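Each remark here refers to the structure printed beneath this line.
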Amino acid sequence: MTRSPAAPRSRGQLDLAHSTAHWIKAAHRALQQSLQARLEPYGIKLSHWHCLRYLWEEDGLTQRELSRRVDVKESTLVAVIREMETLGLIRRIRDQQDQRKYMVSLTPRARRITRQLLPVASTVNRLGTAGFTRAEIELYRALTRRVIANLEAGGEPDTGTAAE
């Protein structure tokens, strides 16, 4: 069976080697896989990590607020919260002012493992930027923040730039 050759690329078609989205996704995937592998010995999943990370910074968030910060649907977060409760990482407590809301709070166990897990994440970040200078790391962060801000602004691209 003879395969037909791939269709030639049109001038406007974006080559993956030059796709910002492709490289950001590939970097994200590599960082997440590295982090997950290092969290496994602690019995922590990535979904747990993301919740813990926000709760370490601000304990007692509502489920809705935690869902917004982690950037997952509330219905998806409910399953993660149940798992985390079973593992003894969080407690759900009804809000005193609004009984419809649940506040998500860390348990003493979750606070204790902070000392173990934060260095794990730091290691992954250091591995990901190995060989970068401090200035390159800061430039990478600044450029990534700019990509996000540009996309959140939702405007039209500047056609005067050379990068695709």
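The values are calculated or read from the model by the stated rules, or taken from the named source; none is laboratory data. These figures come from a predicted structure and were not determined experimentally. Glycine also receives a Cβ, built like all others from the backbone with ideal geometry; neighbour counts cover every protein chain displayed. Quick note on the areas: whole protein, heavy atoms, side chains included, nothing else; ligands and nucleic acids left out. Shrake-Rupley method; radii C 1.70, N 1.55, O 1.52, S 1.80 Å.
Surface composition of the chain: carbon plus sulfur atoms hold 54% of the accessible area, using a 1.4 angstrom probe and ignoring ligands, DNA and RNA. Computed from backbone phi, the HN-Hα couplings of the stretch 70-75 come to 6, 6, 10, 5, 4, 5 Hz, rounded to whole numbers (Karplus: 6.51 cos²θ - 1.76 cosθ + 1.60, θ = phi - 60°; Gly and Pro given as x).
Residue separation of Tyr140 and Glu40 scaled by 0.36 nm, minus their Cα-Cα distance, works out to 33.2 nm of gained length.
Distance between the pseudo-spin-label points of Asp95 and Gln33 (7 Å out from Cα toward the beta carbon): 4.0 nm. The peptide list 144-154, 52-62, put in order of mean Cβ contacts within 10 Å with the highest first, becomes 52-62, 144-154. Only DSSP H runs of four or more residues enter the estimate; each adds -39500 (n - 2.57), and after division by the residues of the chain the mean residue ellipticity at 222 nm equals -19000 deg cm²/dmol. Placing +1 on the Cβ of every Lys and Arg and -1 on the Cβ of every Asp and Glu, with no other charges, gives the chain a dipole of roughly 560 debye about its Cα centre. Rounded to whole numbers, the Karplus 3J(HN,Hα) couplings from phi for the stretch 135-149 are 5, 5, 4, 5, 5, 4, 5, 5, 5, 5, 4, 5, 4, 4, 4 Hz, using 6.51 cos²θ - 1.76 cosθ + 1.60 with θ = phi - 60°, and x at Gly and Pro. Only the Cβ atoms of Lys and Arg (+1) and of Asp and Glu (-1) were treated as charged; on that basis the dipole of the stretch 83-162 about its Cα centre amounts to roughly 680 debye.
Among 44-51, 24-31, 105-112, sorting by the average number of other beta carbon atoms lying within 10 angstrom of each residue, highest first, gives 44-51, 105-112, 24-31. Amide H contacts under 5 Å for Ile90: Glu85, Thr107, restricted to partners 5 or more places along the chain or on a different chain, H placed in the peptide plane at 1.01 Å from N. Less than 5 angstrom separates the built amide H of Ser19 from none of the residues sequence-distant by 5 or more or on a different chain.
Using the Cβ-Cβ distance between Glu83 and Glu156 with R0 set to 45 Å, the FRET efficiency from 1/(1 + (r/R0)^6) comes to roughly 0.60. Between Leu61 and Val104, the built amide H atoms are under 5 Å apart, and every one of these is 5 or more places off in sequence or on another chain.
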